[in-house]
Amino acid sequence: EKRDRLVMWVVAKIKIKSFNIFKKNLSEKIGSEVQFYCPKVEYYKYFGNKLKKFEKLILENYIFCYHKKFKETNSINEFRFVKGLEYFLHGHQKNQNQILKFIDYCKSFEDAKGYLMQSFFMTMITKKVQFLSGPFTNMLFDVIEKQKHQLKILVGNFVTTVPDNKNYLYRSVL
């Protein structure tokens, strides 16, 4: 998809519970051509014997918004009172290349349904990681070694490996 250089991406910090309200209200104010992008993962949890599907936004309450009006210097002020918006991050005009690179990078790791695959997180693994899905959901663990298709980890006093072809999602923790 070729992007018009006159069109700008902005990063909005939103109230997470008002996510859909924000998208609807901004679209009404700015016009239907607005596009949104928020990288997300899909994961499943068992509740009793039922498997339930979940979605998690990896940037939590930040969303990318794309529209030609964002090129205009004062346009951000025009939309700053949209319901569900906390604020737009400053510096979007100077950082278009970095924003585009990040979005394209994320999209290169999406599956057919638009969810990020675990290989996205493998490229960013640091020393401390948290499970987002599987039997160890929310547990923190230390990465001992990053191998080609798996991580060698330490959970408490237990050393194990986690293959990246499993449906376990995890992310780096600062």
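Here are the numbers:
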quantity	calculated
Per residue accessible area of segment 36-99, 1.4 Å probe, in Å²	65 Å²
Share of carbon and sulfur in the accessible heavy-atom surface of the chain [1.4 Å probe, %]	53 percent
Cα Rg, Dmax (largest Cα-Cα span) when computed across segment 56-174, Å	18.2, 56
Student exercise, the chain dipole from Lys, Arg, Asp, Glu Cβ charges, in Debye to nearest 20	220 debye
Residues listed by number, segment 92-116, amide nitrogen under 13 Å from Lys40 label point at 7 Å toward C-beta	113-116
Net charge contributed by nearby residues that have their C-beta within less than 13 Å of Lys53 (K/R +1, D/E -1)	+4
log₁₀ of I(q)/I(0) at q = 0.17 Å⁻¹ - segment 14-80, Debye sum with one point per alpha carbon	-0.70
Distance violations [Cα-Cα > 19 Å] among Lys101/Lys128; Lys40/Lys101; Lys68/Lys94	Lys101/Lys128
Estimated 222 nm signal from helices in the chain, with DSSP H stretches of n ≥ 4 weighted -39500 (n - 2.57), rounded to 500	-5000 deg cm²/dmol
Sequence of Thr73, Thr137 from largest to smallest accessible area, 1.4 Å probe	Thr73, Thr137
Normalised contact order of the chain, rounded percent, pairs of Cα under 8 Å and 6 or more residues apart	22 percent
Neighbour count of at most 14 Cβ within 10 Å plus DSSP loop: longest trypsin sites (Lys or Arg not before Pro)-free window in the chain	16-79
Value of relative contact order over segment 19-106, rounded to a whole percent, pairs C-alpha under 8 Å and six or more apart	30 percent
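The values are calculated or read from the model by the stated rules, or taken from the named source; none is laboratory data. Since the model is a prediction, treat every value here as computed from it, not as a measurement. Quick reminder, even Gly has a Cβ in these numbers, built from the backbone with ideal geometry, and neighbours come from all protein chains shown. Please note that ligands, DNA and RNA were not included when accessible areas were found on the heavy atoms of the full protein model with its side chains. Shrake-Rupley method; radii C 1.70, N 1.55, O 1.52, S 1.80 Å.
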